[in-house]
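Q: Dropping the structure in here first, questions after.
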């Protein structure tokens, strides 16, 4: 359904006039380039739920935006149902911030109804009923139609955002930290809504999150990213039972869990390096407890280590 | 609105502004005399002191000062508001578009704005008036040319903040067109700071117009604005006939003060940092 | 060491007074870690601020007492409170920049903090700063002292904030969501350090968070707040594995890890009520499956919980 082939995205800042003059005079200034996404390939099948996991700066949000056609990759290609995701219908994004993701000056009926009207999915005559149906579908009372976003709670706003996306009849949703800003009890409600919608509408999800617990609950397969690169892809069961990549292992070990009463944490060292100056070779090597000489020099390839299971680590070479 | 009125200074400003605007609108009905109708003027009544038959005295042509101020207010406000609205629309649209489109268009527009704001407004206006000639329409054009850059700059920075918000991304993701995103999503959310700048700019425009008129470059003397009235009285100021300049001056002061007080409060209220939780 | 009794904090709003903290009582012994868990609007942060005497207008402590090492903190003069704060009681915030000044070097800030309460030489102050940075696991502390906050990463900044809080070896640390904004691996590190520090320095710790899993690995005792009240309080084992209040049960059930994969999560219906419009009686009544007519009366706190029909 969605296929990413060797996708990269570089964000660069062009040098301004002063810097260009300085460089012409021999001052060494490089254009700062961030490899937000670096050679990522994977597929999402129809009806599948794929989790995309990583910490800040790993490029997961950029990748989500590439999948929705909001960001054009610098190289590589994205195919959504065989075509680039530029024209409608394309994957729709569910955003993290339930405050910033809704236009504060529009009523709910406009927020939800605008796009289907513009795209001619619904006529002016039917739009009222259509919006009501969308609101009911996400568990909101249609009588809220005339209200503005600030009159809703965080959880309700998240539902409005989902209704807005569903209104253009997408088959694929990219959820970017869609429940991260919500309280635990509200988070459960919204996660349940995602599960219900998938069952009812046959949706496919790319579920981006830093929360391994949420991803474990929802996803069938998980893609783990670190500093722009994919380090491991596995089915949820395999990944949580026996993580292969040392980073995945560290990530899973670092997560506080309810069933670990007063266990002393044994965290990995260091912090995520700046994406502006990622370490050589395997990006994880400075923090990796099992790093070797080779890891500093050579970028490990993402290879199949078992059927349907990929990992990018030199340790797998025996 | 409730919050607005809770500030006593701002409430006073608003009350003053309402009175000023009401006077300007109702001038033809509440003025004791039509100051433009030369037939009504009696040269014998020239330069009469305040009190008596003419509450605020008369000017050199025997015109009732109170009526002249009422009508002058009308002209001043008209020029200020009309030029403000046109400049806001033009500058606002260009600024928002620059923020959304970016690239060369933005760079070019913002350089033009920088250059324009580098020159003193009065100088630009003087040159334009010198080229265009006199008249209400000409002075409005001059004021728009002077002011649009302020709006463009404000609109751009407001729109840049809004553009980075997720709802704009969502609108793009929904496949909405560029024009629709700019007009329906970006512009309404960039508007509050523009309105704040607008109130202050209208006050500036009124002051600028008064200055131009005072210098004799503004409006024709058949439709005197407050600035022209002050200028007319200037020659009598030293001979002790203070009222011909003083009262229009006070009217100008009150008008600008009222607009600025309202503008200040609007700015405080629209600024989320200062907004009371 | 710390004893909070019937503490009530209200905020004056246009629509009348809102109780953010309502008759909260608990005790804390030296070296103990208390986790205060609640969702947004539960009053957990205001409780933290109330203990430290940091509630600003329009908020006000209405009644109750906070006794710390035998001293009553409610109504204590500002100057005395300030001396206590920073020396014997320290606070760590979610955003370390609440503690750090961006235009001063870390050294200046740490040395000034030392000198604010202790009459020692500058040299000793620097030594203590280095020691404190060492304690929170910052490598080569002497050279990092000269740096400015922006030269530190998010996790490092939080460590510096913790180091500043520890400068005077406080008896009590109040930490308000200090790891919420951090990445998973960094959060793990800080939690680990905090546990170690409490053990080494003997301070008592109040850890305010929305995340039950964080308290699970950290706290000795857990208090659950809902709509300004503590609805359940007990040892971490009791609260997390044998909850008595239906809300605690619901919260635990909402955590994905406690559910069958890809099945619907057990959820609490409805949403957190606004503090300005709380239901009469038990404030959880409208979301509770066990509620009946008795719940129209506010339940007292007894036997670990504030509920008419406790579980277990």
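Q: Run down C:72, C:112, C:107 and say which single residue is under 22 Å from the mean Cα position of the chain (by Cα) and either outside the structural domain of residue C:219 (by TED's automatic domain parsing) or over 30 Å from residue C:138 (Cβ atoms) (or both).
A: Criteria check complete, one pass: C:72.
Let's see how each residue does on (1) assigned by TED's automatic domain parsing to the domain that holds residue C:141; (2) surrounded by 14 or more Cβ atoms within 10 Å (Cβ to Cβ); (3) free of Cβ contacts under 8 Å to residues at least 24 places away in the same chain:
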| site | (1), (2), (3) |
| --- | --- |
| C:61 | no, yes, no |
| C:64 | no, yes, no |
| C:77 | no, no, yes |
| C:93 | no, yes, no |
| C:103 | yes, no, no |
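Q: A follow-up question, please. Would you check if residue A:270 is on the phi > 0 side of the Ramachandran plot, at the interface with chain C (Cβ under 9 Å from one of its Cβ atoms) and surrounded by 14 or more Cβ atoms within 10 Å (Cβ to Cβ)?
A: yes
Q: Mind checking whether some residue in the range A:79-102 is touching a residue at least 60 places away in the same chain (Cβ under 8 Å), in a loop (DSSP other than H, G, I, E, B), more than 11 Å from chain B (Cβ to nearest Cβ) and surrounded by fewer than 23 Cβ atoms within 10 Å (Cβ to Cβ)?
A: yes
Q: Oh, and also: Please specify each residue of the range A:118-132 satisfying the condition of being within 14 Å of chain B (Cβ to nearest Cβ) and either exposed (fewer than 12 other Cβ atoms within 10 Å of the Cβ) or part of a loop (DSSP other than H, G, I, E, B) (or both).
A: Result: A:119, A:120, A:121, A:122.
Q: Okay, next question. So which of B:191, B:176 is under 30 Å from residue A:162 (Cα atoms), modelled with pLDDT of 90 or more and surrounded by fewer than 23 Cβ atoms within 10 Å (Cβ to Cβ)?
A: B:176
Q: Do you know which of the residues in the range C:105-147 that are free of Cβ contacts under 8 Å to residues at least 40 places away in the same chain and part of a loop (DSSP other than H, G, I, E, B) is nearest to residue C:46 (Cα to Cα)?
A: Across the range C:105-147, the extreme among qualifying residues is C:138.
Q: If you don't mind, there's one more thing I want to ask. Can you tell me which residue is surrounded by the most Cβ atoms within 10 Å (Cβ to Cβ) among those in the range A:69-78 that are more than 7 Å from chain B (Cβ to nearest Cβ), in contact with a helix residue (DSSP H, G or I) (Cβ under 9 Å, 6 or more places away or on another chain) and part of a loop (DSSP other than H, G, I, E, B)?
A: Per the criteria, the residue is A:73.
Q: Of all residues in the range A:103-117, count the ones that are part of a loop (DSSP other than H, G, I, E, B) and in contact with a helix residue (DSSP H, G or I) (Cβ under 7 Å, 6 or more places away or on another chain).
A: Here the count works out to 3.
Q: For the range B:106-124, check the following and say yes or no: at least one residue is within 14 Å of chain A (Cβ to nearest Cβ), surrounded by fewer than 23 Cβ atoms within 10 Å (Cβ to Cβ), touching a residue at least 24 places away in the same chain (Cβ under 8 Å) and under 24 Å from residue A:69 (Cβ atoms).
A: Looking for residues that are within 14 Å of chain A (Cβ to nearest Cβ), surrounded by fewer than 23 Cβ atoms within 10 Å (Cβ to Cβ), touching a residue at least 24 places away in the same chain (Cβ under 8 Å) and under 24 Å from residue A:69 (Cβ atoms), one finds at least one in the range B:106-124, hence yes.
Q: For residue A:251, are the conditions met, namely being away from chain C (no Cβ under 11 Å), crowded, with 23+ Cβ neighbours inside 10 Å and in contact with a helix residue (DSSP H, G or I) (Cβ under 9 Å, 6 or more places away or on another chain)?
A: Against the criterion (away from chain C (no Cβ under 11 Å), crowded, with 23+ Cβ neighbours inside 10 Å and in contact with a helix residue (DSSP H, G or I) (Cβ under 9 Å, 6 or more places away or on another chain)), residue A:251 does not qualify.
Q: For the condition more than 8 Å from chain A (Cβ to nearest Cβ), closer than 28 Å to residue A:165 by Cα, in contact (Cβ under 8 Å) with a residue 24 or more places away in the chain and assigned to a helix (DSSP H, G or I), what is the one hit in B:139, B:181, B:168?
A: Criteria check complete, one pass: B:181.
Q: Restricting attention to the range A:133-151, report how many residues are surrounded by 19 or more Cβ atoms within 10 Å (Cβ to Cβ) and either in contact with a strand residue (DSSP E or B) (Cβ under 6 Å, 6 or more places away or on another chain) or away from chain B (no Cβ under 14 Å) (or both).
A: Count: 3.
Q: Just to be sure before I move on: is residue C:170 more than 23 Å from residue C:83 (Cβ to Cβ) and more than 14 Å from chain A (Cβ to nearest Cβ) in the structure I sent?
A: no
Q: Next up: Consider residue A:199 against the criteria (1) within 12 Å of chain C (Cβ to nearest Cβ); (2) buried (at least 22 other Cβ atoms within 10 Å of the Cβ); (3) at pLDDT 90 or above: it satisfies all of them except one. Which criterion is unmet?
A: Among (1) within 12 Å of chain C (Cβ to nearest Cβ); (2) buried (at least 22 other Cβ atoms within 10 Å of the Cβ); (3) at pLDDT 90 or above, residue A:199 violates only (2).
Q: Now, a different point. Hey, could you check the range C:265-285 for residues that are more than 8 Å from chain A (Cβ to nearest Cβ) and touching a residue at least 40 places away in the same chain (Cβ under 8 Å) and say which is farthest from residue A:258 (Cα to Cα)?
A: Looking at residues that are more than 8 Å from chain A (Cβ to nearest Cβ) and touching a residue at least 40 places away in the same chain (Cβ under 8 Å), I get C:276.
Q: Next question. Exactly one condition in (1) free of Cβ contacts under 8 Å to residues at least 12 places away in the same chain; (2) assigned to a helix (DSSP H, G or I) is not met by residue B:176; state its number.
A: (2) is the only condition that residue B:176 fails.
Q: Now a separate question. List pairs: first residue in the range C:253-264 and more than 7 Å from every other protein chain (Cβ to nearest Cβ), second residue at pLDDT 80 or above anywhere in the structure, Cβ distance under 6 angstrom, at least six positions apart or on different chains.
A: From the range C:253-264, the pairs are C:253/C:266.
Q: Report every pair of residues separated by at least 6 positions or lying on different chains whose Cβ atoms are under 6 Å apart, first residue within the range C:22-45 and free of Cβ contacts under 8 Å to residues at least 60 places away in the same chain, second part of a strand (DSSP E or B).
A: Within 6 Å, the pairs are C:27/C:3.
Q: In addition: Of the residues A:275, A:286, A:307, A:279, only one is more than 14 Å from chain C (Cβ to nearest Cβ), within 19 Å of residue C:154 (Cβ to Cβ) and at pLDDT below 95; which?
A: Answer to the check: A:279.
Q: Give the residue that is nearest to residue C:210 (Cα to Cα), with candidates limited to residues of the range A:185-196 that are without any contact (Cβ under 8 Å) to a residue 12 or more places away in the chain and surrounded by fewer than 20 Cβ atoms within 10 Å (Cβ to Cβ).
A: Of everything passing the filter in the range A:185-196, A:192 is nearest to residue C:210 (Cα to Cα).
Q: Okay, next question. Counting just the residues of the range C:165-187 that are in a helix (DSSP H, G or I) and surrounded by fewer than 24 Cβ atoms within 10 Å (Cβ to Cβ), which one comes out modelled with the highest pLDDT?
A: If we take residues in the range C:165-187 being in a helix (DSSP H, G or I) and surrounded by fewer than 24 Cβ atoms within 10 Å (Cβ to Cβ), then C:166 is modelled with the highest pLDDT.
Q: Looking at this structure, is residue A:174 buried (at least 22 other Cβ atoms within 10 Å of the Cβ), assigned to a strand (DSSP E or B) and within 11 Å of another protein chain (Cβ to nearest Cβ)?
A: So residue A:174 fits the description; yes.
Q: Would you say residue C:208 is surrounded by 22 or more Cβ atoms within 10 Å (Cβ to Cβ) and more than 25 Å from residue A:196 (Cβ to Cβ)?
A: So residue C:208 fits the description; yes.
Q: If a residue must be crowded, with 23+ Cβ neighbours inside 10 Å and under 26 Å from residue C:214 (Cα atoms), how many such residues does the range A:233-243 contain?
A: 1
Q: Which ones in the range A:42-64 are out of contact with any strand residue (DSSP E or B) (no Cβ under 7 Å at 6 or more places or on another chain) and crowded, with 20+ Cβ neighbours inside 10 Å?
A: A:55, A:57
The values are calculated or read from the model by the stated rules, or taken from the named source; none is laboratory data. Everything quoted here is computed from the prediction, not taken from an experiment. Here Cβ is always computed from backbone atoms with ideal geometry, including for glycine, and neighbour counts include all displayed protein chains.
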